[in-house]
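Novice: This structure is in structure tokens; I'll ask about it shortly.
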Amino acid sequence: MKYGAVTRKSRYADAPRFAHWRSRGCSFILHPSSFVLLAALASVVYFSTVSSTAQTRQRRNGAHSAGARDSFTPADRRLVERAIGATCTERIRDPFSSMPIDEMQSRPSLPVNDPEAVAGVHRAERLLPTTRKLVVNAIVQLAKEYDLYENAVSRGRVNAATTRVEAVKRVKPDVDARDNASVLLREPRMIEFGTIFLSGLRSDEAMISVLAHELTHIASGQADSLRPLFRAIAHRASLRTGLRIQGQRAEELACDLVGVIAARRFIKETPSWESLSRRLARAFEHNCVDDDASDEDHLSPRNTLRALFALDVGFASEVLNDGGMGAFRIGPKRASVNQVMLTASSGPS
Ligand SMILES: [Zn+2]
């Protein structure tokens, strides 16, 4: 995979870090047909890289790896690829699906009073308190899963991180932020949200995954409290995909992982007649791009999908199960009329 073809915008403002959801400025323009060729080339490179590098690394680590949970079979790899396809197919079918970020980037700026942007702010504000709780739970869950909650120092780091999450109270729409969301770690009380991004996330599930991503940046904070966890997650994703995931890329991927875990938990807690696969796909769909460019700080959107599904193949299985006759739906209980009403805003009930 070739890196560096994309010029990144400044992602950090001086000392206090300014952590973006995603900010990519293309330094070159290609004819659309080139993208097809590029995509084909990228797949060839990806598959050869994965089949050689990852397998080699796995073999090398196999003798003294941390056990069964680090195993990732060729069948899992196929499952991951099918899940990416299913997610992006579902995006086309679902009337409340998210807009891919490359499409967001190509849109003209949207005023703050645009009805879709206003609806997005209301959605974000409504979901922020719930998302804070989901993020706290997800971070603790991941810390335990990656053996980073075992001693007082580790637990102290995690507790400091979750305390910062609780302090975030505001979502501020911003025209110039366009298709980005960001947080200023010097003032970690607010998430700034581009109006294009706000309007492009048309479901509660998608909004929660992005809010949770930003809250995880805040959780780690200027102290970088979650750095060990970010590294551990990136290490596992690298082993399973063969992708190079270091530095800021590790943090961005981990924030995405917290995002999909939070969305998954939200789906479980808010029954709906919509299928689990459709609702879960919404947490990933903004990555269903045609222009699959990476930069130094982020995996490309499609490789982000790949890494997320590889980190938890349970997500891949759930996205692939289309529910059929409702087998995989989490139906509302008969008494939970209010809950059904609550989730109606994210799609047809
Ligand atoms: Zn980010």
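The values are calculated or read from the model by the stated rules, or taken from the named source; none is laboratory data. None of the values given here were measured: they were computed from a predicted structure. A quick note on method: Cβ atoms are made from the backbone with ideal geometry, for glycine too, and the neighbour counts reach across all protein chains shown. Note: accessible area is taken over every heavy atom of the protein model, side chains too, but ligands, DNA and RNA are not part of it. Shrake-Rupley method; radii C 1.70, N 1.55, O 1.52, S 1.80 Å.
Novice: Of the heavy-atom accessible surface of the stretch 132-280 (probe 1.4 angstrom), what whole percent is carbon and sulfur?
Specialist: That fraction is 48 percent.
Novice: Once phi is turned into θ = phi - 60°, what whole-Hz ³J(HN,Hα) does the Karplus curve with 6.51, -1.76 and 1.60 give for every residue of the stretch 307-316, x standing for Gly and Pro?
Specialist: 5, 5, 5, 5, 5, 9, 5, x, 4, 4
Novice: Okay, moving on. Give the average over all directions of the projected area of the C-alpha convex hull of the stretch 154-223, one decimal, in nm².
Specialist: Mean shadow area of the hull around the Cα atoms is 4.8 nm².
Novice: Per residue Cα convex hull volume for the stretch 84-146, in cubic angstrom? Each step should come with its number before you reach the end.
Specialist: Numbers: hull volume 9.4 nm³, N = 63.
Value for the stretch 84-146: 149 Å³ per residue.
Novice: Going by a ≥ b ≥ c, the root eigenvalues of the Cα gyration tensor, does the stretch 181-253 fall in the rounded group (a/c under 1.5), the prolate group (a/b larger than b/c) or the oblate group?
Specialist: oblate
Novice: A further question follows. For a test of the definition: using alpha carbon positions, the gyration tensor, and the 1.5 limit on a/c, classify the stretch 151-276 as rounded, prolate or oblate.
Specialist: Rounded.
Novice: Between I92 and A152, take the C-beta separation as r, use R0 = 51 Å, and let me know the FRET efficiency to the nearest 0.05. Could you put the intermediate results ahead of the total?
Specialist: Working: r = 49 Å, r/R0 = 0.97.
Calculated transfer efficiency: 0.55.
Novice: Could you go through the stretch 127-141 in sequence order and give the Karplus-derived ³J(HN,Hα) for each residue, using 6.51 cos²θ - 1.76 cosθ + 1.60 with θ = phi - 60°, rounded to whole Hz, and x for Gly and Pro?
Specialist: Karplus-based 3J(HN,Hα) across the stretch 127-141 equals 8, 4, x, 4, 5, 4, 5, 4, 5, 4, 4, 5, 5, 5, 4 Hz.
Novice: Next question. Over the heavy atoms of I191, what accessible area does a 1.4 Å probe trace out, to the nearest 10 Å²?
Specialist: Accessible surface of I191 is approximately 0 Å².
Novice: Next question. Which entries of K144/K172; K133/K169; K133/K268 have Cα-Cα distances beyond 22 Å here?
Specialist: Going by Cα-Cα distance, K144/K172 fall outside the 22 Å limit.
Novice: Can you sort E90, E296, E145 by 1.4 Å-probe accessible area, starting with the largest?
Specialist: From most exposed to least exposed: E296, E145, E90.
Novice: Taking square-rooted eigenvalues a ≥ b ≥ c of the alpha carbon gyration tensor, is the stretch 218-274 rounded, prolate or oblate, where a/c under 1.5 means rounded and, failing that, a/b exceeding b/c means prolate? All intermediate terms of the calculation are to be shown ahead of the outcome.
Specialist: Values: a/c = 3.49, a/b = 1.61, b/c = 2.17.
In terms of gyration-tensor shape, oblate.
Novice: Would you pull out the residues with amide H under 5 Å of D174's amide H, same chain only if 5 or more places away, H placed 1.01 Å from N?
Specialist: The answer is F193, G194, T195.
Novice: In whole angstrom, and with the biggest value first, how far do the Cα coordinates of the stretch 103-199 range along each principal axis?
Specialist: Taking max minus min along each principal axis of the Cα atoms, the stretch 103-199 gives 50, 24, 23 Å.
Novice: Going from most exposed to least, what order do D114, D176 have by accessible area with a 1.4 Å probe?
Specialist: Output order, biggest surface exposure first: D176, D114.
Novice: OK, next. Relative contact order of the stretch 117-203: what whole-number percent is it, with Cα pairs under 8 angstrom and at least 6 residues apart?
Specialist: 31 percent
Novice: Which length gain, in nm to one decimal place, applies between N321 and A167 when the Cα-Cα distance is subtracted from 0.36 nm times their residue separation?
Specialist: 51.7 nm
Novice: How much FRET efficiency would the formula 1/(1 + (r/R0)^6) give for R78 and A119, where r is the Cβ-Cβ distance and R0 is 25 Å, rounded to 0.05?
Specialist: Numbers: r = 38 Å, r/R0 = 1.54.
Rounded to the nearest 0.05, the efficiency is 0.05.
Novice: Ordered by residue, what ³J(HN,Hα) values in Hz, to whole numbers, does the stretch 167-180 give under the Karplus form 6.51 cos²θ - 1.76 cosθ + 1.60, where θ = phi - 60° and Gly and Pro are x?
Specialist: Once θ is set to phi - 60°, the couplings for the stretch 167-180 become 7, 7, 10, 9, 10, 10, x, 9, 5, 5, 6, 6, 9, 10 Hz.
Novice: Now a separate question. Quote the accessible area belonging to T163 in square angstrom, nearest 10, computed with a 1.4 Å probe and with ligands, DNA and RNA left uncounted.
Specialist: Result for T163: roughly 90 Å² accessible.
Novice: Let me ask you something else. List the residues, sorted by chain then number, that are 5 or more residues from I245 or on another chain and whose placed amide H is less than 5 Å from its amide H.
Specialist: It is none; the list stays empty.
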